[in-house]
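So the structure is just underneath, and the comments pick up after that.
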Amino acid sequence: MGRRRGQRPSKGNPYKKGASWMVRWREDVLLADGSLARVRLTRKLADSKGPGAISKREADRLADEQVFSKLDAAAIRPQSMATVNQFLEARFRPNIVDKTRSPHYKNVLPHVARHLGTLKLRDVRPDDVYKLLRAMEAAGLAAQTIKHVLAAVRRVFRHAKELGYFQGDLPTEFVAGPKVRPRRRGALTPEQVFWIAEKMKPPYRQLVLLLATTGLRIGEAVGLRWKRVNLTAEARLVEGEWLPAYSLRVAETWTRNRWSEGKTESSLGLVPLPVVIAAELEAWRGMSRWNGADHAVFAVSRTGRPLEPSNAARKKLKPVLKQLDLSGEISWHWFRHTLASLADEAGMSEAERQAVLRHSDPAMTRHYTHTRLDGLRAGLELVAGRVMAAEKKGPGREAGVTEKRKVM
């Protein structure tokens with residue numbers, strides 16, 4: 001806690017020292033053994049001479065804003081003397097990390113602890129947060145990673161304020177993160193999909209064909225179990241519900257090396273399975289040693305666990321894409337965009353595409369639908385043909401009516 005009496009800005013405090021405004025105060029600090037010790041501290045506020053010099057009144061304001069207001073906060077909230085690292089270990093991890101069991105914090109909290117950990121909660125200012133962001137940029141970290149770290153810092157200080165460890169405006173209040181360039185998305189042609197599938201061995205061939213013809217998310221596809229895939233022409237009862245002929249049921253996903261429920265409630269449900277794709281999956285089932293009802297459809301490891309999407313993309317998908325001279329940004333998710341676009345070209349309505357993709361908002365379905373140049377060209381050829389045909393006929397009755405309206 002800080003001593004408040006006699007430490008407010010006064011005639012002798014702040015004071016001039018050379019060409020600088022200085023401020024001094026006494027403060028209780030927490031030692032390593034947990035005891036308190038009172039120390040005398042001095043700090044430069046600003047220049048008193050030169051181009052950037054400020055007045056005594058401005059120095060008083062800075063002293064109150066940067067030093068004495070925080071001492072008041074320490075007197076009212078003695079917990080704010082704890083360092084960021086102490087708060088992370090004593091309060092944030094037990095209350096937030098351990099309860100949510102989110103692996104997200106495992107990756108981002110080390111950055112927070114490294115750059116802000118030794119600062120007291122009450123001493124962290126927006127400048128310190130900006131220094132953290134600049135240090136991460138200098139280290140070459142991705143903009144998306146930096147945004148995640150900033151979000152974690154916001155969550156830490158919100159929790160500190162909720163528990164009474166922090167008072168006043170949060171140091172992250174007006175701190176803006178870096179701009180993240182949106183990942184380019186697009187759709188593949190039917191020829192490209194078939195060529196990619198032909199270049200890949202089972203079960204990666206079947207995975208590509210399934211993604212491109214059903215629109216499943218990669219986590220949903222590798223999270224499929226054989227009991228929820230009906231490869232026959234007859235409906236059957238699975239887990240108390242009827243599974244129609246040539247269909248599959250999305251009930252769980254494989255994410256971060258573990259089973260989990262679907263992304264959203266609307267993402268769960270039945271998905272039609274084309275007959276030719278059912279035949280491909282049946283061929284793979286005959287080859288796989290993991291073909292029991294509860295086994296994963298795309299189990300390739302010795303333990304029977306589903307294949308890991310990121311490893312499969314790096315080792316299997318990317319090398320094939322390089323042969324096609326396709327962009328390095330293409331991922332498993334492109335096949336979902338591909339299904340939306342090919343279904344549009346096949347004449348499926350927006351409502352039908354939305355149902356297949358299991359989107360809750362039709363605007364998202366439109367985002368996934370990409371019109372190819374060939375499709376645009378065909379439409380423009382029709383327009384051009386009508387224009388040229390009208391030129392041969394000359395102005396008709398409708399043109400005359402339009403002209404008359406203009407005169408009136």
Problem - Residue-averaged [θ]222 nm for the chain, counting only DSSP H segments that reach four residues, each worth -39500 (n - 2.57) - result: -12500 deg cm²/dmol
Practice task
Output the pairs from 49/147; 147/201; 106/315; 201/227 with a Cα-Cα distance over 29 Å in this structure; if there are none, say none.
Solution key: 49/147; 147/201
Problem - Most mobile listed residue (151, 384, 176) in the chain, GNM with C-alpha springs under 10 Å - result: 384
Handout entry: Degrees, to the nearest 10: 275-287 long Cα axis against longest axis of the chain
Key = 70 degrees
Exercise for the section: Quote the charge dipole size of the chain about the Cα centre in Debye, to the nearest 20; the model charges only the Cβ of Lys and Arg (+1) and of Asp and Glu (-1). Expected result: 2040 debye
Problem - Label-point gap, in nm, between residue 381 and residue 128 - each point 7 angstrom along Cα→Cβ - result: 6.7 nm
Exercise for the section: Would you work out if segment 321-363 is rounded, prolate or oblate? Take a ≥ b ≥ c from the square roots of the eigenvalues of the alpha-carbon gyration tensor; rounded if a/c is under 1.5, else prolate when a/b is larger than b/c, oblate otherwise. Expected result: prolate
Completion exercise
Here the gain from full extension of residue 56 to residue 85, 0.36 nm per residue of separation minus their alpha-carbon distance, amounts to 6.8 nm
Problem - Translational diffusion coefficient (Stokes-Einstein; Kirkwood radius from C-alpha pairs) of segment 190-366 at 20 °C, 1.002 mPa s, in µm²/s - result: 129 µm²/s
Problem - Inter-centroid distance (Cα atoms) of segment 108-157 relative to segment 42-72, Å - result: 26 Å
Practice task
Loop only per DSSP, at most 15 neighbouring Cβ atoms within 10 Å: give me the chymotrypsin sites (Phe, Trp or Tyr not before Pro) in segment 151-219, ordered by residue number.
Solution key: 174
Exercise for the section: Would you mind computing, in nm to one decimal, how far apart the modelled labels at residue 135 and residue 234 are, each placed 7 Å from Cα along Cα→Cβ? Expected result: 6.7 nm
Handout entry: Sorted by Cβ neighbour density within 10 Å, fewest at the top, the residues 130, 105
Key = 130, 105
Practice task
Take the eigenvalues of the Cα gyration tensor for the chain, scale each by 5, and report the square roots as semi-axes in whole Å, largest first.
Solution key: 60, 35, 19
Completion exercise
If unit charges are put on Cβ atoms (+1 for Lys and Arg, -1 for Asp and Glu) and the dipole of the chain is taken about its Cα centre, the option from 218, 67, 237 lying farthest towards the positive end turns out to be 67
Handout entry: Over segment 214-313, equivalent-ellipsoid semi-axes from the Cα gyration tensor in Å
Key = 20, 17, 12
Exercise for the section: Under a 10 Å cutoff between Cα atoms, tell me which one of 186, 379, 304 has the largest fluctuation in the Gaussian network model of the chain. Expected result: 379
Completion exercise
Between the alpha carbon centres of segment 177-252 and segment 284-351 the gap in Å comes to 7 Å
Practice task
Please name which of 313, 341, 351 has its Cα lying farthest along the dipole of the chain towards the positive end, using unit charges on Cβ (Lys, Arg +1; Asp, Glu -1) and the Cα centre as origin.
Solution key: 313
Completion exercise
Nearest-0.05 FRET efficiency for residue 311 and residue 258 at R0 = 22 Å, using Cβ-Cβ distance, is 0.90
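No value in this document is a laboratory result; all are computed from the given coordinates. Only a predicted model underlies this, so the values are computations on that prediction, with no experimental measurement involved. As a convention, Cβ positions derive from the backbone with ideal geometry for all residues, glycine included, and neighbour counts pool all protein chains shown.
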